[in-house]
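Enquirer: Have a look at this one before I ask anything.
Every read-out reported here was derived from the displayed coordinates using simple, explicitly stated rules and does not represent laboratory data. Because the structure is predicted, anything quoted here is derived from the model rather than measured. Counting neighbours? That spans all protein chains shown, and the Cβs are built from the backbone with ideal geometry, glycine included.
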Amino acid sequence: MRFANEMAFYSAYHQERRNIMIHIFGVPAIFFSLLIVTSWVNLYTIGEFTITLSMVFTAIVLGYYFSLDLKFALASTVILGILLYTANWLSLNLESNVVWGIFAIAQISGWGTQFYGHFVYEKSRPALFDNLFQAVVSAPLFVIADVCFALGIRKELEEQVKTVLKERGKYKDFSKQVAA
């Protein structure tokens, strides 16, 4: 039930279908952009292996995910692992101005599309105004959950989240919206 309670805060801001779809692009773009620049910060070297800030940050985030839900955390490990590997590789193999360009494009497009989704489709302000932790750290896990829910995976957990939303008076019914 802890997962449902945590996700209900996020879901209170993300119930409209098109806004959720936008977040499937925007959230990973923002997370990736943070990983690519933090990959330059070397914390410790063991032989030929260097531990970077991006690795430690990802490990801490995944630890939090595992405290919430094992199955979604395992899926997140694969996805964030791919993002981390790619970010580390790019930061080592591209010139810094190119990496900063990727960072800027990902931040602007990631945040910009999400603001658009919130103000145009959801008709509410983004969650980051109330909880930056949720917006940056928790969002990737909850985007993965949203994708799974849309695919019919773990519907019982989706219903728990909806129940919490209804109990908190935050549930919005977008089921009657016209397909775009």
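Enquirer: Lys/Arg Cβ at +1, Asp/Glu Cβ at -1, dipole of the range 2-167 taken about the Cα centre: which of 66, 160, 106 is farthest positive-ward?
Expert: Farthest towards the positive pole: 160.
Enquirer: Calculated FRET efficiency, residue 96 and residue 50, Cβ-Cβ r, R0 22 Å, to nearest 0.05?
Expert: About 0.80, to the nearest 0.05.
Enquirer: Roughly how many nanometres apart are two label points built 7 Å out from the Cα toward the Cβ at residue 119 and residue 89?
Expert: My value for the distance between the label points is 3.7 nm.
Enquirer: Now a separate question. Output the relative contact order of the chain, whole-number percent, from Cα pairs under 8 angstrom with separation of 6+ residues.
Expert: Values: 188 pairs, mean separation 71.0, N = 180.
Contact order relative to length: 39 percent.
Enquirer: With θ taken as phi - 60° and the coefficients 6.51, -1.76 and 1.60, list the Karplus ³J(HN,Hα) couplings across the range 134-144 in order, rounded to whole Hz; mark glycine and proline as x.
Expert: 4, 5, 9, 8, 7, 3, x, 5, 6, 5, 4
Enquirer: Follow-up. About its Cα centre, how strong a charge dipole does the range 2-167 have in debye, to the nearest 20, once Lys and Arg get +1 and Asp and Glu get -1 at the Cβ?
Expert: In debye, rounded to 20, the range 2-167 gives about 300.
Enquirer: Which whole-number value in Å³ per residue fits the convex hull of the alpha carbons of the chain?
Expert: Hull volume normalised by residue count: 123 Å³.
Enquirer: For n ≥ 4 DSSP H runs only, could you compute -39500 (n - 2.57) per run for the chain, divide by its residues and tell me the 222 nm figure to the nearest 500?
Expert: Theoretical 222 nm ellipticity from helices: -22000 deg cm²/dmol.
Enquirer: Under the rule that an exposed site lies in a DSSP loop and has at most 14 other Cβ atoms within 10 Å, name the longest stretch of the chain with no GluC sites (Glu not before Pro) of that kind, not counting the sites themselves.
Expert: Formally, the longest exposed-site-free interval is 96-180.
Enquirer: On to the next question. Provide the FRET efficiency to the nearest 0.05 for the residue 147-residue 105 pair, computing r from the beta carbons and using R0 = 22 Å.
Expert: Computed FRET efficiency for residue 147 and residue 105: 0.40.
Enquirer: Can you give me the long-range amide H partners of residue 51? Hydrogens built in the peptide plane at 1.01 Å from N, cutoff under 5 Å, separation of 5 or more residues or another chain.
Expert: 43, 44, 45, 46
Enquirer: What nm distance separates the two modelled labels at residue 173 and residue 156, each placed 7 Å from Cα along Cα→Cβ?
Expert: My value for the distance between the label points is 2.6 nm.
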